[in-house]
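The values are calculated or read from the model by the stated rules, or taken from the named source; none is laboratory data. Remember, it's a predicted structure, so these values are computed and weren't measured experimentally. Don't worry about glycine lacking a Cβ; one is built from the backbone with ideal geometry, like all the others, and counts go over all protein chains shown.
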Amino acid sequence: MKKLSYALAAVAVAALTFSSQAAKAGTLEDVKARGVLNCIVNTGLPGFSYTDKSGRWKGFDADMCRSVAAAVLGDGEKVKYIPATGKTRFTLLNSKEGDVIFRNTTWTFVRDVDVKLNFIHTTYYDGQGFIIRKSKGVKHAKELDGATVCIQTGTTTELNLADYFRANKITYKPVPIESNEEARKNYLADRCDTYTTDASGLAATRATFDNSGDHLILPEIISKEPLGPVVRHGDDQWADIVRWTVYALIAGEEHGVTAANADAMASKKNPATARLLGSEGTLGTMIGLDKDWAKRAIKSQGNYAEIFERNLGTKTNIGLARGLNAHYKNGGLQYSPPFR
Amino acid sequence: MTTAENQAGETRGTDAPNILLRLWRNKDTRSVILQILTISLLFAFIAYIVNNAILNLEALGKTFSFDFLGMSASYDINQRLIEYTSQSTHFRAMLVGLLNTGLVAFFGVITATILGFLFGIIRLSHNWIASRMVYCLIEVIRNVPVLLHILLIHGIIVHVLPSPRQALYVGDSIFLSNRGLTIPNPVFGDDFSYSVFAFFAAIGIIIYFRRWARKVRDDTGKIYPVFLISLGILIGLPLFVFLITGAPLTWELPKLGRFNLKGGVTMIPEFLALWLALSVYTSAFIAEIVRSGILAINKGQWEASQAVGIKRGRILQLVIIPQALRVIIPPLTSQYLNLTKNSSLAIAIGYMDIVATIGGISMMQTGKEMESMILVMGVYLSISLGISAIMNWYNKRIALVER
């Protein structure tokens with residue numbers, strides 16, 4: 001049964017009203033006292049966050065929740081996943097139901113400034129695309145005049161879509177849908193001619209189709225979608241913790257620290273890895289954690305490259321190449337500031 | 001007893017605690033004190049909540065303002081009864097949503113009422129099979145949550161009906177597919193206004209005719225078939241004018257475009273599902289209300305009417321229905337309110353009602369949770385109070401007038 005976001009929003013408003021001490025500092029203390037990280041994730045997007053047959057949360061975003069939990073609480077399994085639709089995620093965060101959003105969320109000006117969110121880092125550089133049945137004979141997005149388009153409501157894709165069709169002076173009929181799973185069903189039932197969302201999401205969704213070869217992802221990418229984790233405005237310490245945990249994963253790839261060799265690397269004398277992994281210096285205590293925080297994060301789920309390849313990479317059935325998300329030394333955009 | 005207390009109080013002097021004690025011991029003043037206390041507690045509670053909300057919004061760095069309503073909404077809406085583009089304001093988006101809610105509630109109330117009266121009357125019929133079948137139907141319908149009705153009908157439309165190219169059709173004018181029901185769009189010629197004029201003239205004539213017929217009945221006892229004659233005038237006169245002005249009405253037929261049917265008017269699956277589900281669900285309750293209303297009329301009323309020689313149809317019209325309506329109207333009002341409020345379940349299938357527009361996408365894009373929810377609640381409150389007001393007026397009009 002699908003959760004009704006109306007009810008959720010009402011609950012969230014009530015929570016906003018009743019939680020007597022709001023987002024001053026103290027998310028770290030809250031998480032430690034609770035012993036569990038409340039992580040807001042997608043209700044179900046293969047490759048990013050979804051539950052497998054045994055009910056375990058898997059995916060790129062879900063694993064990064066575990067990395068943060070490992071850094072903060074010492075155990076990557078101490079995560080409570082809070083599945084959210086595109087519409088409920090920010091309300092859930094701002095009403096303190098969750099500590100952090102790892103839900104392929106696009107970084108935009110209005111969200112950063114006016115919705116009072118803090119975007120941490122772009123963990124996945126994406127862009128919006130279209131998927132369509134090959135039998136419809138469409139080769140380019142501009143040929144979509146008059147088409148019925150499924151969209152996830154409450155997302156930036158909804159706004160990009162309106163802009164794109166207006167800019168190209170063509171018409172469409174939007175079918176707003178709550179979740180990726182519902183959108184997939186409606187698209188497969190031919191309720192809509194095409195489904196539009198982030199290209200990574202399209203690839204992930206197509207991988208679940210029975211005849212994935214019958215469907216084409218159009219070449220046009222109509223927007224920039226920098227996706228990444230989000231925290232509330234006003235708690236800089238917590239923002240730092242999430243930000244530098246993500247950087248630790250990226251730096252881990254840079255220095256060749258993996259889940260398997262993290263302990264061995266820590267004892268080596270390379271100053272950069274020694275500082276990162278806590279065998280030298282006091283970076284961990286500066287951020288409010290202990291010296292082993294980054295080592296635990298990497299040991300828990302692996303470095304950025306491991307998390308990417310395991311969930312989205314070319315060897316998975318989603319089969320996404322690193323592209324813009326390669327490490328900067330390999331021509332991508334993933335770059336961590338220095339740990340010193 | 002009271003005088004004894006008062007005397008005791010006087011002898012003990014008049015310092016403050018004693019006055020309070022005396023007031024407390026008096027039954028009347030005590031109830032006043034309790035009421036004052038309760039009201040102050042209530043206000044304190046409300047003040048606490050409001051203050052808390054303000055503090056929390058401040059802590060989040062958010063302001064409380066409705067300025068966002070004037071900003072461009074930048075999203076599209078698939079069903080709009082008024083002009084709306086992605087550059088229109090959030091306020092306009094809210095109006096579009098409000099009208100969509102109104103549309104489904106309006107048609108829902110009409111269909112539910114018709115179905116409900118039909119079911120209710122069949123349920124009372126002497127035909128055992130008909131009455132039992134409707135009984136089972138009502139029990140099934142009203143014991144399944146309305147959300148499931150909505151999802152079921154939407155699922156059937158989207159997953160079972162064919163795509164537009166293989167649409168089910170009647171002639172080349174009505175098409176049914178998983179993109180909705182498409183019917184021809186009427187295009188009115190210039191001379192069509194005469195027919196509209198004739199329609200209103202017909203209504204005037206009918207009002208006059210009914211007065212005249214009543215007078216004749218009172219004077220002579222002669223009864224005309226008023227209803228049939230009225231219906232004849234209402235249809236016949238505009239039709240006659242329509243034909244002699246050369247039938248100035250053409251139909252724009254739907255044609256298959258590259259993706260969808262182009263032209264015509266399309267009722268999208270979301271609207272169809274919501275409308276049908278709400279109508280069917282509410283009709284089951286209305287059926288029971290109608291049945292109870294008719295059964296509430298004493299058998300003696302029938303017998304007395306027959307004894308003075310009134311025909312069966314006229315008994316129903318003049319004696320039974322006017323009395324039954326008095327029992328039916330108040331619970332019927334509450335069903336109309338339920339239907340309207342249940343339409344907010346539209347969100348489950350993506351029908352763009354008031355909740356999905358201002359309370360959904362606009363709220364999400366602007367982060368104005370508190371303001372949007374207040375607007376949505378205000379709108380539902382206004383609609384409900386409006387329906388109540390109309391139904392109360394009607395109820396008062398048909399209420400028993402004591403002479």
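Before we move on, is B:R210 charged (D, E, K, R) and surrounded by 13 or more Cβ atoms within 10 Å (Cβ to Cβ)?
Numbers: charged (D, E, K, R): yes; surrounded by 13 or more Cβ atoms within 10 Å (Cβ to Cβ): yes.
Considered against the rule, which asks whether it is charged (D, E, K, R) and surrounded by 13 or more Cβ atoms within 10 Å (Cβ to Cβ), B:R210 comes out as yes.
Among the residues that make up region B:165-175, is at least one of them in contact with a strand residue (DSSP E or B) (Cβ under 8 Å, 6 or more places away or on another chain), buried (at least 17 other Cβ atoms within 10 Å of the Cβ) and either more than 14 Å from every other protein chain (Cβ to nearest Cβ) or among the charged types (D, E, K, R) (or both)? Can you show your working first?
Residues of region B:165-175 that are in contact with a strand residue (DSSP E or B) (Cβ under 8 Å, 6 or more places away or on another chain), as a first pass: B:165-169, B:173-175.
Filter once more, so that each one left must be buried (at least 17 other Cβ atoms within 10 Å of the Cβ): B:167, B:175.
Imposing the further condition that a residue be either more than 14 Å from every other protein chain (Cβ to nearest Cβ) or among the charged types (D, E, K, R) (or both) reduces the set to B:175.
Checking region B:165-175: at least one residue is in contact with a strand residue (DSSP E or B) (Cβ under 8 Å, 6 or more places away or on another chain), buried (at least 17 other Cβ atoms within 10 Å of the Cβ) and either more than 14 Å from every other protein chain (Cβ to nearest Cβ) or among the charged types (D, E, K, R) (or both).
Within the group B:L161, B:L151, B:L181, which residue is more than 10 Å from every other protein chain (Cβ to nearest Cβ) and surrounded by 14 or more Cβ atoms within 10 Å (Cβ to Cβ)? I'd like the intermediate steps shown before the answer.
Working: B:L161 fails: more than 10 Å from every other protein chain (Cβ to nearest Cβ); B:L151 fails: more than 10 Å from every other protein chain (Cβ to nearest Cβ).
Step by step, each of B:L161, B:L151, B:L181 is checked, and only B:L181 is more than 10 Å from every other protein chain (Cβ to nearest Cβ) and surrounded by 14 or more Cβ atoms within 10 Å (Cβ to Cβ).
Tally the residues that are farther than 30 Å from B:W302 by Cβ, free of Cβ contacts under 8 Å to residues at least 60 places away in the same chain and of a type in the set (V, I, T), restricting the search to region B:317-361.
Of the residues in region B:317-361, 1 are farther than 30 Å from B:W302 by Cβ, free of Cβ contacts under 8 Å to residues at least 60 places away in the same chain and of a type in the set (V, I, T).
For B:F259, are the conditions met, namely being part of a helix (DSSP H, G or I) and either more than 30 Å from A:C150 (Cβ to Cβ) or within 14 Å of another protein chain (Cβ to nearest Cβ) (or both)? Break it down stepwise before answering.
On the way: part of a helix (DSSP H, G or I): no; either more than 30 Å from A:C150 (Cβ to Cβ) or within 14 Å of another protein chain (Cβ to nearest Cβ) (or both): yes.
Considered against the rule, which asks whether it is part of a helix (DSSP H, G or I) and either more than 30 Å from A:C150 (Cβ to Cβ) or within 14 Å of another protein chain (Cβ to nearest Cβ) (or both), B:F259 comes out as no.
Can you work out which of the residues in region A:164-179 that are surrounded by fewer than 24 Cβ atoms within 10 Å (Cβ to Cβ) and touching a residue at least 40 places away in the same chain (Cβ under 8 Å) is nearest to the chain's Cα centre (by Cα)?
The selected residue is A:S179.
Test of understanding: among B:I205, B:I150, which residue is at pLDDT 90 or above and under 29 Å from the mean Cα position of the chain (by Cα)? Write out each step before concluding.
Values: B:I205 fails: under 29 Å from the mean Cα position of the chain (by Cα).
None of the other options fit; the residue is B:I150.
Taking B:K341, is it surrounded by fewer than 19 Cβ atoms within 10 Å (Cβ to Cβ), within 14 Å of another protein chain (Cβ to nearest Cβ) and charged (D, E, K, R)?
yes
If you go through region A:102-117 one residue at a time, do you hit one that is at positive phi, modelled with pLDDT under 90 and of a type in the set (K, R)?
Yes, that holds for at least one residue.
For A:K87, indicate whether it is modelled with pLDDT under 95 and in contact with a Gly (Cβ under 6 Å, 6 or more places away or on another chain).
Numbers: modelled with pLDDT under 95: yes; in contact with a Gly (Cβ under 6 Å, 6 or more places away or on another chain): yes.
For A:K87, the condition - modelled with pLDDT under 95 and in contact with a Gly (Cβ under 6 Å, 6 or more places away or on another chain) - is met.
Of these, A:L277, A:L249, which one is modelled with pLDDT under 95 and aliphatic (A, V, I, L, M)? Please lay out each step first, then the result.
Values: A:L249 fails: modelled with pLDDT under 95.
Testing whether each residue is modelled with pLDDT under 95 and aliphatic (A, V, I, L, M) leaves just A:L277.
Note down all Cβ pairs under 9 Å where the first residue falls in region B:200-212 and is closer than 14 Å to B:L239 by Cβ, the second is surrounded by 14 or more Cβ atoms within 10 Å (Cβ to Cβ) and not hydroxyl-bearing (S, T, Y), and they're at least six residues apart or on different chains.
Here the result reads B:A201/B:L237; B:A201/B:P238; B:A201/B:V241; B:A202/B:I233; B:A202/B:L234; B:A202/B:L237; B:A202/B:P238, each pair linking region B:200-212 to a residue that is surrounded by 14 or more Cβ atoms within 10 Å (Cβ to Cβ) and not hydroxyl-bearing (S, T, Y).
Helices (runs of 4 or more DSSP H) wholly in region A:142-217 with at least 1 residues that are touching a Gly at 6+ places or on another chain (Cβ under 8 Å) - which ones?
Values: elements: A:156-167, A:180-188, A:199-206.
So the answer is A:180-188, A:199-206.
Looking only at residues in region B:362-380 that are more than 22 Å from the chain's Cα centre (by Cα) and in contact (Cβ under 8 Å) with a residue 12 or more places away in the chain, which one is nearest to the other protein chains (Cβ to nearest Cβ)? Break it down stepwise before answering.
Step one: list which residues in region B:362-380 are more than 22 Å from the chain's Cα centre (by Cα), which gives B:362-372.
Going one step further and asking which of them are in contact (Cβ under 8 Å) with a residue 12 or more places away in the chain, we end up with B:362, B:365-368, B:370-372.
Details: B:S362: 10, B:Q365: 7, B:T366: 7, B:G367: 3, B:K368: 9, B:M370: 6, B:E371: 10, B:S372: 8 Å.
Checked region B:362-380; the qualifying residue nearest to the other protein chains (Cβ to nearest Cβ) is B:G367.
Condition check ((1) away from chain B (no Cβ under 14 Å); (2) surrounded by fewer than 20 Cβ atoms within 10 Å (Cβ to Cβ); (3) farther than 28 Å from B:M363 by Cβ; (4) touching a residue at least 12 places away in the same chain (Cβ under 8 Å)) across all residues:
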residue	(1), (2), (3), (4)
A:S49	yes, no, no, yes
A:S54	yes, yes, yes, no
A:K58	yes, yes, yes, yes
A:V79	yes, no, no, yes
A:G86	no, no, no, yes
A:D99	yes, no, no, yes
A:N104	yes, no, no, yes
A:T108	no, yes, no, yes
A:Y124	yes, no, no, yes
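Determine which member of the set A:D75, A:D63, A:D112 is away from chain B (no Cβ under 14 Å), under 17 Å from the mean Cα position of the chain (by Cα) and not in a strand (DSSP E or B).
One residue alone meets the criteria, A:D63.
Name the residue, out of B:A112, B:A105, B:A130, that is away from chain A (no Cβ under 14 Å), closer than 27 Å to B:I320 by Cα and crowded, with 17+ Cβ neighbours inside 10 Å. Spell out the reasoning first.
Values: B:A105 fails: closer than 27 Å to B:I320 by Cα; B:A130 fails: crowded, with 17+ Cβ neighbours inside 10 Å.
When all the criteria are applied, what remains is B:A112.
Filter region B:74-87 down to the residues that are more than 9 Å from chain A (Cβ to nearest Cβ) and either of a type in the set (V, I, T) or touching a Ser or Thr at 6+ places or on another chain (Cβ under 7 Å) (or both) and list them by number. Please lay out each step first, then the result.
So in region B:74-87, the residues more than 9 Å from chain A (Cβ to nearest Cβ) come out as B:79-84.
Hit for region B:74-87 is B:I82, nothing else.
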